[in-house]
Amino acid sequence: MARALRPPRFPFKPPRIPKIPRLPRTDEPYEDVFDEMTLQEHLEELRSRIVKTCMSIGVAFIAGAVLAGPLLENIKDQANIEEGAGFDILSPTEPITTYFKVALYIAIGFTMPIIVWQLIGFLAPGLTRKEKRVLFSSLPFVSILFLGGAAYAFFFAAPRAFDFLSSFQSDLFQWTPQGEEIISFYLTLMIGLGLAFELPIVMFLLAKLNIVGTKRMREYRKYAAMVLLVVSAIITPSTDPINMAIVAMPLLALYELGIIIGRVFARPARRI
């Protein structure tokens, strides 16, 4: 009986296929390494950043001193001061103090990006890698929104407010406001709206860092509207509802914009 033929044996073993290492998942947390600093090092860091901020404001103050005159002239025209008349003053030193006060505020407005950069740079050693990336990426929008709020106050909100106030019961009241009060009106409105216009950035950061989600923001919309109305009443120097509405309307629109931005750009990372 014939023997069954066996398949020939190979003198070598087939090579083993190496295992492909598992790639890390995008939702796994990074191992953050925080810079440990002593109290003296923290104080030195704070002093260094304060000095840099003050130096930047000092340099910008030169430009502010040049622009303060044209800005005051524009404010006088928008405040409906009589042609050929100037701001009313109560003290001999009020013109120079008001002039340089306006110059200082202009310098602070110019150096706002540097101020925010130094503040985040001081807080950065205690932040995670994700928090640093989110904060530094939002810096340009912080400056843009602040300037947008200040511009809205200067070119729209304040002139409309003075048009209303100067014509209110004009047969009973003579419109001769003090210069210091007019300047404070403008500065309060510009700084308040400049900070209030940061609302979409704050909402984006809260959503991106998983502190408050956009769903919760939509649920608390009516409570947020009440808070924004109170903030508008604080920002508005006058107590009339028209000027309060001029301030409140863009804030309510910015809240809705913040929900949209958070929903589109602050989605959590998907698993792979």
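Rule-based calculations on the coordinates, nothing more; no lab input. Since we're looking at a predicted model, the values are computed, not measured. Virtual Cβ from ideal backbone geometry, glycine too; neighbours counted across all protein chains shown.
Of note:
- Calculated FRET efficiency, THR97 to ARG263, Cβ-Cβ distance, R0 = 51 Å: about 0.60 to the nearest 0.05.
- Of the cross-linked pairs LYS52/LYS132; LYS101/LYS208; LYS52/LYS130; LYS132/LYS215, those separated by over 29 Å at the C-alpha level are LYS101/LYS208.
- The H on the amide N of ASP88, modeled in the peptide plane, is under 5 Å from the matching H of GLY179, each at least 5 residues off or on a different chain.
- From phi via Karplus (6.51, -1.76, 1.60), per-residue ³J(HN,Hα) for the range 117-127 in Hz, x at Gly/Pro: 4, 5, 5, 5, x, 6, 7, 4, x, x, 9
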